[in-house]
Amino acid sequence: MMPFPNGKNVILVEQPTYHGMIRIIDALGLTAIGIRRTKKGIDLDELERHFRNNQIKFFYTMPRFHNPLGTSYDQEVKKQIAKLAAKYDVYIVEDDYLLDLETDPKNDPVFSYDLSGHTIYLKSFSKVMLPGLRMGAILLPSILTESFRLFKSSCDISSATLSQAALEIYLKCGMYFRHTASMRDLYQKRMKILKEVCDLHLPPEMNAAAETGGIFGQLDLPKQLPAKEWIACLRQHHILVSSIDHCFLKTFPKVNGFRLSIIQTDKTQIEKGIRMMGEVYKKQLKSKSSAFPPKTVIHWI
């Protein structure tokens with residue numbers, strides 16, 4: 001909603017992207033266009049064409065552990081995004097919501113390569129603490145500070161003081177950093193298991209779990225198995241996965257796939273769930289009938 005110094009009014013978003021961003025765009029009636037992002041990354045030439053030819057106010061991106069893809073940009077891509085932003089006077093809204101799960105200390109954000117003051121950096125505390133905390137942090141160019149304060153105040157008056165005070169205590173005493181180290185290790189092990197069992201039990205065409213970090217992974221399906229039908233079939237077997245349809249703009253072509261999340265799973269559930277997905281996948285291709293209902297529910301949402 002804020003006016004930006006570049007005077008532009010179009011939002012550019014990766015496709016797919018965080019579904020909450022799609023909801024905000026729709027709710028506010030904002031003008032947005034999409035750029036395809038795959039597990040292999042983003043087309044920088046196409047990104048430059050958008051920056052050059054369209055009135056891009058800002059580019060919303062998740063360079064690290066993308067939701068729902070689960071993949072990350074390499075450092076060279078981040079450097080190029082920062083350079084293009086400076087060249088075409090486009091702001092970058094960098095959603096680094098899983099910074100605390102990063103295992104490579106040299107994996108810097110786009111913000112670190114920004115020499116022109118075009119990056120707005122966002123960080124969340126909710127993913128590694130608890131969802132109900134709803135606390136985050138923002139680093140933004142000084143030219144936007146006062147406008148941001150005004151518009152944020154119009155939305156919520158102020159962030160909850162009690163939550164801020166509790167988080168401050170947690171940070172100062174060192175508990176936050178010990179906790180995030182524990183979560184980092186836990187989720188890394190789960191994602192490693194996810195990748196291993198996907199490679200073992202799922203066919204190559206599902207293009208499964210490319211990363212060993214973060215909390216998400218996207219699986220693709222062949223055209224003859226529509227994602228909605230597949231998700232409904234898995235639900236009959238008490239395996240819950242999330243559709244990625246709501247991660248796309250209404251006008252942007254969707255991909256046939258679904259999202260996995262390892263937040264609510266453990267090693268046993270991951271191995272069992274993926275093995276069953278492979279079995280159901282083979283049967284679905286042959287007869288599209290259901291089989292093997294388990295006794296427990298495996299949450300992948």
Check on SER163, in a helix (DSSP H, G or I), more than 26 Å from the chain's Cα centre (by Cα) and surrounded by 14 or more Cβ atoms within 10 Å (Cβ to Cβ): no
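Considering each of ARG23, ARG49 in turn, give the residue that is loosely packed, with under 15 Cβ neighbours inside 10 Å and over 20 Å from TYR97 (Cβ atoms).
On the way: ARG23 fails: over 20 Å from TYR97 (Cβ atoms).
Answer to the selection: ARG49.
Please enumerate the residues belonging to the range 28-40 that are within 10 Å of GLU14 (Cα to Cα) and open to solvent by less than 40 Å² (accessible area, probe 1.4 Å).
GLY34, ILE35, ARG37
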Could you tell me which residue of the range 98-154 is most open to solvent (accessible area, probe 1.4 Å), considering only residues that are assigned to a helix (DSSP H, G or I) and touching a Leu at 6+ places or on another chain (Cβ under 8 Å)? PHE111
Would you check if LYS250 is open to solvent by 10 Å² or more (accessible area, probe 1.4 Å), out of contact with any Phe, Trp or Tyr (no Cβ under 8 Å at 6 or more places or on another chain) and under 21 Å from PRO68 (Cβ atoms)? yes
Just name the residue that is modelled with the lowest pLDDT out of those in the range 253-285 that are among the polar types (S, T, N, Q) and surrounded by fewer than 18 Cβ atoms within 10 Å (Cβ to Cβ). GLN264
Determine whether TYR170 is closer than 25 Å to VAL110 by Cβ, open to solvent by less than 60 Å² (accessible area, probe 1.4 Å) and out of contact with any Asp or Glu (no Cβ under 6 Å at 6 or more places or on another chain). no
Subset of the range 52-83, residues open to solvent by less than 20 Å² (accessible area, probe 1.4 Å) and of a type in the set (A, V, I, L, M), comes to ILE56, MET62, LEU69, ILE81, ALA82
Please list, ordered by first then second residue, the pairs with beta carbon atoms under 9 Å, 6 or more apart or interchain, first in the range 8-35 and of a type in the set (Phe, Trp, Tyr), second in a helix (DSSP H, G or I) and open to solvent by less than 40 Å² (accessible area, probe 1.4 Å). TYR18/CYS247
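The values are calculated or read from the model by the stated rules, or taken from the named source; none is laboratory data. Note that the structure is a prediction, hence the values are computed from the model and not measured. Because the Cβ atoms are built from the backbone with ideal geometry, glycine has one as well, and the counts that use them run over all protein chains shown. All accessible areas refer to the heavy atoms of the entire protein, side chains included, with ligands and DNA or RNA removed. Shrake-Rupley method; radii C 1.70, N 1.55, O 1.52, S 1.80 Å.
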